[in-house]
Amino acid sequence: MYARIFTLYMLSLWLANDGITFAQNSKSVGKDTLSMSYLLSEVVVTASKVKYRYQDNTLIYKVVDDEGAKFAISTVDILRRTPLVTIGANNTPMIQGNSKIKVLIDGKELYGIPSSQVLSLVAPTDIQRIEVSTMPSAMYAAESIGGVINIITSRHHMSSFSGAGNIGIGSKGSHISMTLLSPLSKNWSINTNLYGLIGYSHISTSRSWISTGRFPITWRSEATGNSLAQLYNGSITLSYHRNPSKFDVGVRFFAQYSTLKERDKGKLTKLTSGNDVYNLLSSYEYKLNPVGSIKAYTSLLYTPISNRLEINGQDIRDKQSLMLWLNDISLNLPIGGRTQMVAGGRWAKSQIFHGSRLSELINQQSILSIYLEFTHRWSPRLSAILGLRYERWERQCEQQSSGWFLNSSLTYDLDIRTKLSVGVGQRISRPSLSEQITGRKYVSEVLYVTGNPNVESAKPIKMEINLSRFLGANFLKFSLFHEHSKRSVAFYMRPENEELVMSPVNLSKHISYSANAWGNLSLFRGDLSFSSGLNVQHVDIRYSDIFNKGWMWDFSVNIHCRLGKYYAINFFGSLQSKKIHLQGYSLPYTYSNLSIERFFGGEGTSALALSVDNPFTRAIKEQKEYHTYNDLYSDRVEYFNRGIRLIFKYRFGKKNIEDK
């Protein structure tokens, strides 16, 4: 039934595109005008609000033109509305079901910072648009086989004082997000952001271990508790814009703290963790011509991390600090009338210290990379991209790796609004520092995670075919993917001294095939819009004589309905099937949100929304099962976070923040 509904929806979207195109192209179009439209690198259609467009194999989602996104309580909420992107457990971003991605802020990578934490560095009111690329450019790090999410903020020079605010109070948490852009003079401006989030929920956990080996073991744990999470960030950026130069310098601050309390049969377990991020950054851009430019970027980042576990009368504490220095320079030049070249390099060095005084060095690593990429338009309809990247990676002067990475793609315009693209690329998947450092990390009384210093990097190869059709606010995109990798990293569980230990290993086989369809249908001049996507993937993995394979899928839908001039209803829902691991599965994951919005003032300058998290489910469930020859370990966590939130948003000044 659901498959038929999805098929009819996709068919209606395709036919709607044709009908709208016929209506808008009823006027005569000259031959020269049509030829010029093919020479453009993107499809541009005159419309009142164009939220989506496709350019250079990248999907661009214009957040400032999405009314529903104005009530987002976090950057994760905005990504839930972004086509091709899904959010998994623990707020992990994925592109078409793949979590091996990179998240950038204004095109800059925060080397060494997890993707989920990068999202916490940006206030939702500061986001202008989001760019999603499934076949990343050679400009981006080689550890991005799944794709790249580029979050573009509103750091642009403004001629008038502008800003936006978003504040919410609810039964399961509260938040505030503010963005202010202030002109200081004709060429100077300042951007200020402030964001805070407090969330809490009741938690129920159920863990069990059944062993039927030589020494049978049956262990069960049922616990209930509460979790409290706090997140704060802020930034100030000073900008100088005077053609052809653009200069930015800023500071960014981030703090995240969480407390988890569980009680099992009168025994109390308390886990407290926290980390801060202090970031000083500057960038410079010089326009050589309308197409060519030189860009330079440098960033200094310091992150202290602390963890504390109180269990069975024991008090275990751990403190570490990360210091990172990143430098990046790129050159964008046109070569002739049909070819464009991008070249650049990057050097980054990170050091990890024990404690917060930067006195005891635990580990350090550095990476040096250079890249060169050409974009050539063979004809008004056919274009090609060829990129080459070299990276040299070194950790603690003991582990070294270097290699060349190639990516290429061909794009053919079937007509003015339909594109067919084929791409292939090779990237690298390096083990994280925590996966290599030997040391026990507590998961439960019987399960610990430890590192493996012998884990090696993997070099997966990815191939994809895309068919996309765009027209104004409507689009439809079909994709086929194939990924093949040897030595991919996965966790392997084994019994050891009446305990279970999980450690990373290199797989001998990892092959996946996937197909996905994403679309947006806008009706009644945008008053009613449907956006949805479906990913289907088959995975086959093996380690020694242990193997697992099967199908996985995830589906998401976003419906926005404007009721007259002052009211709107927005619904978002996502459903992910089981995820396949080497020795087991993660069971299905569901999330939903329903909100009713009331607008005030001219052009919706202020609005009020009543938002309900998970209106159709009692809790968010995360459950994993692991199997060995004689062991079965199950871990289930339920977050009872169904709640009601009242959100107020306000903006003033220029509506859509654009370049001067």
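The values are calculated or read from the model by the stated rules, or taken from the named source; none is laboratory data. Since this is a predicted model, take the numbers as computed values, not measurements. Cβ placement follows ideal geometry from the backbone for every residue including glycine, while neighbour counts extend to all protein chains displayed. Accessible surface is based on the protein model in full, side chains and every heavy atom, while ligands, DNA and RNA are left aside. Shrake-Rupley method; radii C 1.70, N 1.55, O 1.52, S 1.80 Å.
Worth pointing out:
- Total charge dipole magnitude, region 420-518, about the Cα centre, Cβ charges on Lys, Arg, Asp, Glu only, Debye to nearest 20: 540 debye
- For region 56-84 versus region 562-604, the spacing of their alpha-carbon centroids is 12 Å.
- Solvent-accessible surface of region 288-380, taken per residue with a 1.4 Å probe and all protein chains present: 55 Å².
- Accessible surface of region 495-562, 1.4 Å probe: 57 percent of it comes from carbon and sulfur atoms.
- Part-to-part distance (alpha-carbon centres) for region 241-274 and region 280-339, which is given in Å: 17 Å
- Percent accessible area from carbon and sulfur atoms, region 376-442, protein chains only, probe 1.4 Å: 60 percent
- Each 20 Å bin from zero up to the one holding the largest Cα-Cα distance in the chain carries the following percent of pairs: 17, 53, 28, 2, 0.
- Ordered from largest to smallest accessible area (heavy atoms of protein chains, 1.4 Å probe), the residues H241, H354 come out as H354, H241.
- Point-to-point label distance, D315-L333, nm (Cα→Cβ direction, 7 Å offset): 6.3 nm
- Separation in nanometres of the label points that stand 7 Å from Cα toward Cβ, at L523 and L563: 1.7 nm
- Extended-chain gain in nm, criterion 0.36 nm per residue less alpha-carbon gap, L280 and A296: 4.3 nm
- Excluding ligands, DNA and RNA, the accessible surface per residue across region 143-260 is 44 Å² with a 1.4 Å probe.
- The loop-placed trypsin sites (Lys or Arg not before Pro) in region 553-621, going by DSSP, that have at most 14 neighbouring Cβ atoms within 10 Å of their Cβ come out as K565, R618.
- Assuming charge only on the beta carbon of Lys and Arg (+1) and of Asp and Glu (-1), the dipole of the chain about its Cα centre is about 940 debye to the nearest 20.
- Residue-count net charge about G146 - beta-carbon cut-off 12 Å; Lys, Arg +1, Asp, Glu -1: +1
- To put it simply, the accessible area of region 102-171 at a 1.4 Å probe is 57 percent carbon and sulfur.
- Principal-axis tilt of helix 2-24 within the chain, Cα atoms, nearest 10 degrees: 20 degrees
- Residue order for M463, M502 - accessible surface, 1.4 angstrom probe, largest first: M463, M502
- Point-to-point label distance, S273-Y513, nm (Cα→Cβ direction, 7 Å offset): 3.8 nm
- Shown is the FRET efficiency for L388 and F571, computed with R0 = 51 Å from the Cβ-Cβ distance and rounded to the nearest 0.05: 0.70.
- Sparsely packed loop sites in region 533-620 (the chymotrypsin sites (Phe, Trp or Tyr not before Pro) outside DSSP H, G, I, E and B with at most 11 other Cβ atoms within 10 Å) comprise F616.
- MRE, 222 nm, helices only [DSSP H, n ≥ 4, -39500 (n - 2.57), over the chain, to nearest 500]: -2000 deg cm²/dmol
- For the chain, the residue among S177, N187, Q400 whose Cα projects farthest onto the positive side of the dipole built from Cβ charges is N187.
- Selection among S321, Q340, S299 by position relative to the dipole of region 297-348 gives Q340 as farthest towards the positive end (Cβ unit charges, Cα centre).
- Largest accessible area first, the residues I294, I329 order themselves as I329, I294 under a 1.4 Å probe with ligands, DNA and RNA left out.
- At R0 = 25 Å, FRET efficiency that the Cβ-Cβ distance of F215 and R636 yields, to 0.05: 0.50
- Chain lengthening between S379 and K265 when straightened (0.36 nm per residue, less Cα-Cα): 33.8 nm
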